[in-house]
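Here's the structure we're looking at; comments come further down.
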Protein chains: 2
Amino acid sequence: MQVMSSNSDGLFRILADPTRRLILDLLAERGPLSVGQLASEFPDLVASGISKHLMGLRAGGVVSATRRGRQQIYRLEPDVLAAGLAPWIAKYEQYWSAALERLRDLAQEGRVKDELTSRKNVRRKRLK
Amino acid sequence: MQVMSSNSDGLFRILADPTRRLILDLLAERGPLSVGQLASEFPDLVASGISKHLMGLRAGGVVSATRRGRQQIYRLEPDVLAAGLAPWIAKYEQYWSAALERLRDLAQEGRVKDELTSRKNVRRKRLK
DNA sequence: GTAATACATTACCGAAGGGTAATATATTTG
DNA sequence: CAAATATATTACCCTTCGGTAATGTATTAC
C-alpha cells in the first residue's frame, strides 16, 4: 500500500500464475471455450480450481462469459489485456523490438517449431 | 507443478510485485543506482526490504550489481527482461500494436503528461 | 418431479510472499 | 585499532494465494 497501484497492477498479479496464463493462451488460440473444455486441459487440477481462476480473470476484465445452456462460455477480452499493459510495455519498448526481432530470426531459420512464433493460429471462430 | 513452467515463469512472478516493477523503472530511467539511492525512493519501506527485493531481481537476472566502495551499484539488464518476455509478448502482439498506437495518439494530443510516453528519458549514464 | 450435468461458492489447508527487526559482514573514516 | 556506513542475511510475523473437498444452484434429460 506504499506504492502507487495503477490499474495495471491487477493485471500483473493475474499474469503471475502460470495456470491463468495458459488459460488466456488457450482462449487466444482456440477462441471461446466452456469451463469444462478449459478444465480438461488441466488434468492435475480439479474443476472448481479452474472455475476459481476464471472468476479471477473475469474480475480483472481480461475474460468475459456468457451462458449457453448449462455451460458458461468464456472468451478472451484482448483489448482489456492490451490496454492495461500497454503503458508498461511502452516503457521498455526499445528492448522488446530487439528481442522480438531475434525471435523471428530464430523462427525463420526453422530452429523453432513452437507454434507460438507463427502467425497463423490466433484465429477467431464462432463469434455467435 | 502441474503446468509447464518456462523460464518466463520467474519473470512474471518478479513483475507481480509493484515495488519490484518500480525498482526496474527507476533503473531504466536513471541508470545504475546504489541500494541507498533506490531505498530513498521508498519512504514506507525499510532498507533491508529493498535489499531483499534486489536480491530477487538479481536471482532472476533482470538486474546485476557491482561493488563500488562500500556500496553496491545495481543496473538493469534489459536484454534478460526482454528476451524472457518476448515469447509471451509475441503471442499477443497484434493486440499490443493497437493499444500502443492508441497510447501514442493520446500522448500526441497532449492529454497525457506522463513522462513514460515520451522517449527522451531512457538514458544511459556512467557505465563506469 | 427426479436425476444428472455444469459451474459457482464456501470453508479450509499448507505454502509462499512481503514486510520488519535484529544481526552479520565488508568497507571506509578517524 | 574503533566507530560509522552500506548492504546482506536471518528469524519471525502476518497475509495472500493456489489448491482441494464439499456444498449450492441453475439447467437439461429422463
- Item | Cut-off 14 Å between beta-carbons: net charge of the residues surrounding residue A:21, Lys and Arg +1, Asp and Glu -1 | -1
- Message: Which GluC sites (Glu not before Pro) in region A:1-108 sit in a loop by DSSP (not H, G, I, E or B) and have at most 16 other Cβ atoms within 10 Å of their own Cβ?
- Response: A:41
- Taking a probe of 1.4 Å and counting only protein heavy atoms, give the total accessible area buried between chains B and A in Å², rounded to the nearest 100. 4100 Å²
- Item | Most to least packed among A:63-70, A:51-58, A:19-26 [average Cβ atoms within 10 Å] | A:19-26, A:51-58, A:63-70
- Net charge of Cβ neighbours under 15 Å - reference residue B:51; Lys, Arg +1; Asp, Glu -1: +3
- Task: Determine the shielding of peptide B:7-14 by partner chains: average, over its residues, the number of Cβ atoms on other chains within 10 angstrom of each Cβ.
- Result: 3
- Item | Accessible surface ranking that places the most exposed of A:80, A:35, B:46 first, with a 1.4 angstrom probe | B:46, A:80, A:35
- Using a cut-off of 16 Å between alpha-carbon atoms, which aspartates and glutamates can reach residue A:91, once sequence neighbours fewer than 8 places away in the same chain are excluded? A:9, B:25, B:29, B:77, B:79, B:93, B:101, B:105, B:114, B:115
- Sorted from shortest, what are the nm distances separating the label point of residue B:34 from equivalent points in the other copies, each placed 7 Å from Cα along Cα to C-beta? 6.3
- How much accessible area does residue B:96 have with a 1.4 Å probe, in Å² rounded to the nearest 10? 10 Å²
- Placing a label point 7 Å from Cα toward Cβ, how far apart in nm is residue A:69 from its equivalents in the other copies, listed shortest first to one decimal? 7.3
- Message: In whole Hz and in residue order, list the ³J(HN,Hα) couplings for region A:84-96 that follow from phi through the Karplus curve 6.51 cos²θ - 1.76 cosθ + 1.60, θ = phi - 60°; x for Gly and Pro.
- Response: x, 9, 4, x, 5, 4, 4, 4, 10, 4, 4, 6, 4
- List the residues whose amide H sits under 5 Å from the amide H of residue B:73, counting only those 5 or more places along or on another chain, with H placed 1.01 Å from N in the peptide plane. B:66, B:67, B:68
- Query: Can you list, shortest first and in nm, the gaps between the label point of residue A:93 and those of its counterparts in the other copies, using a point 7 Å from Cα in the C-beta direction?
  - Reply: 1.6
- In the A-onto-B rotation, chain A's nearest residue to the axis by C-beta, with distance in whole Å, turns out to be A:16, 2
- Item | Cβ charges +1 (Lys, Arg) and -1 (Asp, Glu), total dipole of region A:8-117, debye | 500 debye
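The values are calculated or read from the model by the stated rules, or taken from the named source; none is laboratory data. Because the structure is predicted, anything quoted here is derived from the model rather than measured. Cβ sites come from the backbone with ideal geometry, for glycine too, and all protein chains shown count toward neighbours. We work out accessible area using only protein heavy atoms, side chains counted, and drop any ligands, DNA or RNA first. Shrake-Rupley method; radii C 1.70, N 1.55, O 1.52, S 1.80 Å.
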